[in-house]
Amino acid sequence: MSFRFENLVACHLLKWVHYEQDCFARDLELRYFRDIDGREVDFMVLEDRKPIYLVECKWSDVQVSSSLEYLKGKFPKAEAFQIHAEGKKDYLSNSGIRVCPASLFLSQLSA
């Protein structure tokens with residue numbers, strides 16, 4: 001089930017990236033992150049080749065991903081989100097990562 005959830009989020013993010021490119025000529029890219037140590041984050045949105053959004057998808061509102069915390073530490077200016085399909089938690093972690101329901105995050109995208 002989680003792969004379908006990630007696919008749903010990918011479709012929404014890609015739609016938003018294309019909208020921003022077409023309407024506002026923003027230089028955006030949607031990517032996946034994985035380093036040589038195996039740390040993974042589901043989605044990175046880059047603007048002018050610099051990360052602006054980091055998004056990790058989880059099925060439930062579990063503990064914040066250590067890979068997302070690592071990447072947020074590397075790119076402190078990027079907004080970081082851990083979104084979940086089920087659960088009610090909505091908070092900002094000590095490391096500056098917003099944990100919230102996917103419906104809330106996706107509804108805030110402009111397109």
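Please treat every number below as a calculation from the coordinates, not as lab data. Note that the structure is a prediction, hence the values are computed from the model and not measured. Note that each Cβ is placed from the backbone with ideal geometry, even for glycine, and that neighbours are counted across all protein chains shown.
Just a few scattered comments:
- Considering region 65-111, its Cα convex hull presents a mean projected area of 3.6 nm².
- Counted residue by residue at 0.36 nm each, then reduced by the alpha carbon distance between them, the extension gain from residue 104 to residue 23 reaches 26.8 nm.
- Candidates 83, 59, 93 compared by Cα position along the dipole of region 33-111: farthest toward the positive end lies 93, with charges placed on Cβ.
- Within region 56-91, the trypsin sites (Lys or Arg not before Pro) that combine a DSSP coil assignment with at most 13 other C-beta atoms in a 10 angstrom radius are 77, 88, 89.
- The stretch between residue 11 and residue 77 holds 21.3 nm of extra length on full extension. This uses 0.36 nm per residue minus the Cα-Cα distance.
- Using a cutoff of 8 angstrom between alpha carbon atoms and counting only pairs six or more residues apart, the relative contact order for region 2-107 works out to 19 percent.
- Above 24 Å, the calculated P(r) of the chain contains 20 percent of its Cα-Cα pairs.
- In this Cβ point-charge picture (+1 for Lys and Arg, -1 for Asp and Glu), the chain has a dipole of about 140 debye about its Cα centre.
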